[in-house]
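Read-outs throughout are calculated quantities, based only on the coordinates presented, and are distinct from any laboratory measurement. For clarity, every value in this text was computed on a predicted model and none was experimentally measured. Neighbour counts are summed over all protein chains in view; Cβ atoms, including those assigned to glycine, are modelled from backbone coordinates with ideal geometry.
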Amino acid sequence: MAAAPLSVDAVTAAVVRFLNTEIMAASSAVGPDDVLADAGVDSMALLKVLVFLEREAGIWVPDEDLTDDVVRSARTLAAYVCGRAAAP
């Protein structure tokens, strides 16, 4: 049986949950559309998020795709992941 397609909302929620439980301080929680760099998500934290996405969704983001538009927020990252998952 084929896996259900990933939804942007579900992946966004998973990324936000991961960020807020594993990376961010409780007083500095991020939301789905918060700019990650402005929230203090640095390159090491972003790498942890990318490893989480690979483990949970089976999608690796190649270096050339790590643009500001892709990693701007949890939602933009989720949209990228879902787009990659849907690609042949």
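Observations on the model:
- Dipole axis of the chain (+1 Lys, Arg; -1 Asp, Glu on Cβ), positive-most option in V11, V71, L36: V11
- Counting every C-alpha pair in the chain, the share spaced more than 19 angstrom apart comes to 31%.
- Linear extension gain, W60 paired with N20, 0.36 nm per residue minus alpha-carbon span: 12.3 nm
- Highest mean packing first, where packing is the average number of other Cβ atoms within 10 Å per residue, the peptides 26-37, 49-60, 11-22 line up as 11-22, 49-60, 26-37.
- Unit charges on C-beta of K, R, D, E only; dipole of region 8-86, Debye: 280 debye
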